[in-house]
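Read through the structure below, which is laid out as structure tokens, and then see the notes.
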Amino acid sequence: MLPFIIMDLAFIIESFWLIIPAYVANASALLIGGKTPIDFGKTWRDGKRILGNGKTWNGLITGGLIGICAGFAMAVAAPYINDILANNGLSILVVTNFEGFPLMIPIIASITYGALLGDIIESFFKRRRGIDRGKNWIPFDQIDFILGVLCFNFLMSILLQILGFLSFNWLLTKFGLEHYLFLLIVTPFIHIFSNFVHKKTVKNTVKQTI
């Protein structure tokens, strides 16, 4: 029974380890965003905003960099975490260091900015459908950045393999279909909960300032 529990735990840890930099980038973009919108206030051919005020250069750049820093910290910590797990008889639990320096730079960057670009692309189509900022577009609001991570990291993995930096496709080798399905199922619930907490926090802050 215990080996099966450990294997399930390993599966969950591996899945979340891949996506944590994306979670950090997405949350940071939301909290730090503001100022100049990415679309500079311009409208599309349909007369509607291209993206809206919710997508800003500050959120994209700063959020992405914070996500990258989180990923770098995870890459540095990974060998020590694996040693601790191995020394305690849990060698089956292994976290990736994103191939270490310097390959961790493009790999982690594709994860963090893939998440943010996935969110931006979803906002473009959301505006085309006439859905206002802040209103839900289920299920795309909940999975847009996950799809962005998988798409952009997959492309980066192909590029690194073509250029000869890696002899394998990093994303397909390190993570299987079950990891992606798990994240697609679990992430919407995390997204809904985090949005609820964020809205409650904003409301409380507004009440305190009145």
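The values are calculated or read from the model by the stated rules, or taken from the named source; none is laboratory data. It should be emphasised that the depicted structure is a prediction, and the values quoted were computed from it without experimental measurement. All Cβ positions, even for glycine, are placed from backbone atoms using ideal geometry, and neighbour counts span all protein chains on display.
Can you find a residue that is over 16 Å from P106 (Cβ atoms) and in contact with a Pro (Cβ under 6 Å, 6 or more places away or on another chain) anywhere in the stretch 143-156?
no
Being crowded, with 19+ Cβ neighbours inside 10 Å, among the β-branched types (V, I, T) and either free of Cβ contacts under 8 Å to residues at least 12 places away in the same chain or part of a helix (DSSP H, G or I) (or both) is the filter here, so list the residues in the stretch 33-87 that pass it.
I66, I68
Given the residues L147, L166, which is the only one that is assigned to a helix (DSSP H, G or I), modelled with pLDDT of 85 or more and either more than 28 Å from M74 (Cα to Cα) or not polar (S, T, N, Q) (or both)?
Of L147, L166, the one residue that is assigned to a helix (DSSP H, G or I), modelled with pLDDT of 85 or more and either more than 28 Å from M74 (Cα to Cα) or not polar (S, T, N, Q) (or both) is L147.
If you check every pair at least six apart or on different chains, which have Cβ atoms under 7 Å apart with a residue in the stretch 137-148 that is without any contact (Cβ under 8 Å) to a residue 40 or more places away in the chain first and a residue that is basic (K, R) second?
As it stands, the answer is W137/K126, since those pairs meet every condition given.
Scan the stretch 121-136 for residues that are closer than 23 Å to I19 by Cα, β-branched (V, I, T) and either assigned to a loop (DSSP other than H, G, I, E, B) or in contact (Cβ under 8 Å) with a residue 40 or more places away in the chain (or both) and jot them down.
Selection gives nothing.
Mind checking which residues of the stretch 52-75 are under 21 Å from W170 (Cα atoms) and in contact with a helix residue (DSSP H, G or I) (Cβ under 9 Å, 6 or more places away or on another chain)?
Selection gives G64, G67, I68, C69, A70, G71, F72, M74, A75.
Look at F101 and say whether it is modelled with pLDDT of 95 or more and not in a helix (DSSP H, G or I).
Judged against the criteria, F101 is not a match.
If we keep just the residues of the stretch 106-137 that are β-branched (V, I, T) and under 18 Å from the mean Cα position of the chain (by Cα), which is surrounded by the most Cβ atoms within 10 Å (Cβ to Cβ)?
T112
Only one residue in H191, H179 is modelled with pLDDT under 95, closer than 23 Å to P79 by Cβ, of a type outside the set (F, W, Y) and in a helix (DSSP H, G or I). Which one?
Checking each option against the conditions leaves just H179.
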